[in-house]
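Below: the structure, in structure tokens.
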Amino acid sequence: MPGSVPANLYAGSRSEYLALYVFSMFGTATQVPHEADYGLDLVCTLTEREGQRARPYAYYSVQVKSTSDPWIFDNPSAVEWVLNYPGSLLFCVVDKKTTRFLVYHLGVRFLAAVVQDVPERLALVPGRPDG
């Protein structure tokens with residue numbers, strides 16, 4: 001219908017804006033434009049103060065979601081991508097209904113990377129230590 005948009009079209013974008021605000025407290029945080037989004041929403045740095053300047057010392061990327069649904073990689077190419085991603089990855093859930101901001105480190109992906117046969121499918125489930 002002209003002049004209207006789906007009611008929750010921007011829910012994910014709002015979550016990304018909230019996450020951007022939070023992660024910018026620790027250093028720089030830049031939102032990946034939607035047209036360039038290949039699976040990560042934010043690229044960030046941790047910074048430390050040196051006088052009047054902030055010097056970056058660590059880099060990481062963040063995937064932001066509005067729900068705690070698993071982050072699913074459903075084909076071998078996608079699994080390869082997440083297992084071989086060269087930087088630190090964080091999985092962030094911004095639950096606006098419960099006002100919770102949850103951050104998970106995806107170090108568990110390295111456990112899957114050491115197996116001889118790369119899985120054809122991988123699901124990273126928030127809050128589960130076994131991934």
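For A58, the residues 5 or more places off, or on other chains, whose built amide H falls under 5 Å of its own are L46.
Hey, with R₀ at 35 Å, roughly what FRET efficiency would L18 and E120 work out to, going by the Cβ-Cβ distance, to 0.05? Efficiency, from the Cβ-Cβ distance: 0.55.
Once neighbouring chains are kept in place and the probe is 1.4 Å, which whole percent of the accessible area of the chain is contributed by carbon and sulfur? Carbon and sulfur atoms account for 57 percent of the accessible area of the chain. In the chain, Cα pairs under 8 Å separated by at least six residues give a relative contact order of 20 percent. For the pair L102 and R55 in one chain, pulling the backbone fully straight at 0.36 nm per residue adds 14.3 nm over the alpha carbon distance.
For the chain, the normalised intensity computed at q = 0.13, 0.16, 0.18 Å⁻¹ comes to -0.62, -0.89, -1.06 (log10 of I(q)/I(0), Debye sum over alpha carbons, equal scatterers, no solvent). Summarising the strand pairing of the chain, around 80 percent of its internal DSSP beta bridges are antiparallel.
The values are calculated or read from the model by the stated rules, or taken from the named source; none is laboratory data. Note that the structure is predicted; figures quoted are calculated from it, not measured. Methodologically, a virtual Cβ is constructed for each residue, glycine included, from the backbone with ideal geometry; neighbour enumeration extends over all protein chains shown. Ligands, DNA and RNA are stripped out before the accessible areas are found, and what is left, the full protein with its side chains, is counted by its heavy atoms. Shrake-Rupley method; radii C 1.70, N 1.55, O 1.52, S 1.80 Å.
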